[in-house]
Amino acid sequence: GELLRDGMATRHLDEQLDQLVAGSNGAILFVRADRIVAAETLADFNTALEHAGQPAEGATAPERPEDWELALAPTQVRLADAVQELLRRRGSAPLRLALVLSAWDTQSETGLVPLQWAQRRLALLTQLLDGQESLEWSVFGVSAQGGDFSDAEQRDRLEKIDVSVRATVAHADGSEGGVGAPVRWALGLTP
């Protein structure tokens, strides 16, 4: 993760990572589903200005706020940038990309399957992925723990369940799969 983050900041990819990217047929992109930095809309910005007592009319936003840094960029913007650079580096070479939504158990209340969730919460990224001719992609929801160990009640429940059973994978359509499903898919071992 650090190599990718630093590469985005410096616009330079580590040589070893660059060689791996060039020679790979598959990739896995991990995203923590419970730690998405969402983009603010212009309407949100204008509402914030109104609450601060500053009218939005006639105000011009600076090109780059003084306190801005890459870590503040919305998650899907950072991911879309990384994928664009990956695809640019590869040219027209085909690639299978598994988008893995980790901490999937934290999203169970949404009632969405992984593909629906990604299309709503990471719309920019999914549209970019859909528009690439040389790219085949799928999304998986992965829960390695099955719950939140920082919550005492959940921790007590989870400690009684064997770790091999707690780990779950949901395919794009919500159907269950084995923990190796994203890797097998990215390697082209499953359709």
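The values are calculated or read from the model by the stated rules, or taken from the named source; none is laboratory data. No experiment lies behind these values; they were computed from the predicted model shown. Reconstructed Cβ throughout: ideal geometry from the backbone, glycine too, with neighbour counts over all protein chains shown. These area figures cover heavy atoms from the full protein model, side chains too; ligands, DNA and RNA do not enter into them. Shrake-Rupley method; radii C 1.70, N 1.55, O 1.52, S 1.80 Å.
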* Work out, step by step, the length gained on full extension between K160 and F45: first 0.36 nm times the residue separation, then minus their alpha carbon distance; give nm to one decimal. => 36.8 nm
* To do: With a 1.4 Å probe and every protein chain left in place, tell me how much accessible area T190 has, in Å² to the nearest 10.
  => 40
* **Computed over the chain: relative contact order in percent, which uses C-alpha pairs under 8 Å that are six or more apart** => 24
* Structure fact -> In the range 141-191 the accessible area split gives carbon plus sulfur, as whole percent at 1.4 Å, a share of 54
* Accessible area of the range 42-185 divided out per residue, in Å², using a probe of 1.4 angstrom -> 62
* Structure fact -> Two pseudo-spin positions, 7 Å from Cα along C-beta at A152 and at L112, lie apart in nanometres by 3.4
* **For Rg/Rh (Cα atoms, Kirkwood Rh), calculated from these coordinates, the label among (1) 1.03; (2) 0.99; (3) 0.93** => (1)
* Rounded if a/c is under 1.5, else prolate if a/b beats b/c, else oblate: with a ≥ b ≥ c from the C-alpha gyration tensor eigenvalues square-rooted, which is the range 90-137? -> prolate
* To do: Could you check the simple spin-label distance between L20 and S175, using points 7 Å along Cα→Cβ, in nm with one decimal?
  => 3.1
